[in-house]
Each structure stands twice: as C-alpha cells, then as structure tokens.
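See below for the structure under consideration.
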Amino acid sequence: MIAFVSGPVAALAPDTAVIEVGGVGMAVQCAPGTLAALRVGQPARLATSLVVREDSLTLYGFADDDERQVFELLQTVSGVGPRLAQTMLAVHSPDALRAAVAAGDEKALTAVPGIGKKGAQRLLLELKDRLGAPVGPGASRGPGSPVSPSWHEQLHAALLGLGYAPREADEAVAAVTPQAEAAAQPNVGSLLRAALQTLNRTR
C-alpha cells in the first residue's frame, strides 16, 4: 500500500500528475480540483490509494487523507469503481457528500455524471451511517492548502479531466455562465451537468 507520494511535480496532464519520488516518476490519477493546485517543478504531497486490477496497477491521488478515505469507502458500494468514486469527489467535497448522504439528498448525488436515480438511491442506502457527519468548513483540508479555485476554473478543469478539448471546455463554460451568475453560490456539480448537456447537443 502506497499511502502517499511526495516530491517535485515533473509533469501534469488533464487527469494525471507525475511526481518524482527518489528519481522515479510516479504517475498519479487525480481529480481536476487536485491537479489545479499543482505546479510543475513545485513540491507536492498527495495522499494515494493503489487500485489493483488483473491487467493494471493504478495510483489515485488526493489533496488529503480524508479524500482518500472517502474514495475508498465509496468503492464499497456495489457498482462504484475507482473512476466513478473519483468523479464524485471532483464534483463534491467529502463534507458535501457526507451532508448529501445524511440528508438523503438524491439530487446532489445525481449531479455527478454517471449516477442516475437508482444509483443515488443505492449510495444513500449503502453509505447511511458509514460516511459520518460533516467535519466542518475547511476541516477536510490540511493547513496551508490553497484556496479553492473559482467555479469557472473548477468547471473548466473538470471538463478537461473528462477528456474534452480546451475549446469545447471554454464554450461549455460560456454556455452555463448565465446560470452560474444567477445563483448566489454556484454549484459546480449542477453546472458540470448542464455543461455536459450542452456538449452532448453539439456533438
């Protein structure tokens, strides 16, 4: 089990960071929000979870231990693999997921691409009393963590992480800007779903 990796950032891709550890480049799959806080050449420390498959070993990286623990817990739900678990954490923070499960909020869970009504109901049923209560504003982040990027930066990074070209991401962000500006506190999960709908219409 590789609990974390620490070292300079050697390279960044839409869904991967390469961290140099003892002269070896470790490729780590990360959510867009985690990647947005990294800079090539700068030191980084990522909590990690190693997912072993018959044909692959994949290292997933997180901003802190809380995200990693929630990522691993999400995969205990039937039908949830590492990719979907990471997508859930790209849309919602660990505390937001705890709040959604505690409140039985299907709508918050279906805001995650890949989760429908039945999937949300299964998550609520299987995670009840297991995720725990929210730990408080900012408590899931370590000291000195960067300020969260703005909604359009998070949305743009999420679209790039899902494989869309920068031009497509720009157009989708522009398409949902009126919806975001009309909200007092834009919900990135809802905006991501709306952005994906506009992209699907243009393809």
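Tabulated results
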| item | result |
| --- | --- |
| Helix-derived mean residue ellipticity, 222 nm - over the chain, DSSP H n ≥ 4, -39500 (n - 2.57), to 500 | -13500 deg cm²/dmol |
| With DNA, RNA and ligands ignored, accessible area of H156 (1.4 Å probe; Å², nearest 10) | 50 Å² |
| Rounded accessible area of E181 (nearest 10 Å², 1.4 Å probe) | 140 Å² |
| Volume per residue that the Cα convex hull of the chain spans, once the total is divided by residue count, Å³ | 136 Å³ |
| Per residue accessible area in Å² of the chain, where ligands, DNA and RNA are left out and the probe is 1.4 Å | 52 Å² |
| Paramagnetic reach from A3 (point 7 Å along Cα→Cβ, amide N under 12 Å) across region 52-87 | 65 |
| Region 86-120 versus region 161-196: alpha-carbon centroid distance in Å | 18 Å |
| Residue-level accessible surface for L124, protein heavy atoms, 1.4 Å, Å² | 30 Å² |
| Point-charge dipole on Cβ atoms (K/R +1, D/E -1) for the chain, about Cα centre, debye to 20 | 380 debye |
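The values are calculated or read from the model by the stated rules, or taken from the named source; none is laboratory data. Nothing here was measured: the structure is a model prediction, and the numbers come from that model. Every residue, glycine as well, gets a Cβ built from its backbone with ideal geometry; the counts of neighbours run over all protein chains shown. Surface areas here come from the heavy atoms of the whole protein model, side chains and all, with no ligands, DNA or RNA. Shrake-Rupley method; radii C 1.70, N 1.55, O 1.52, S 1.80 Å.
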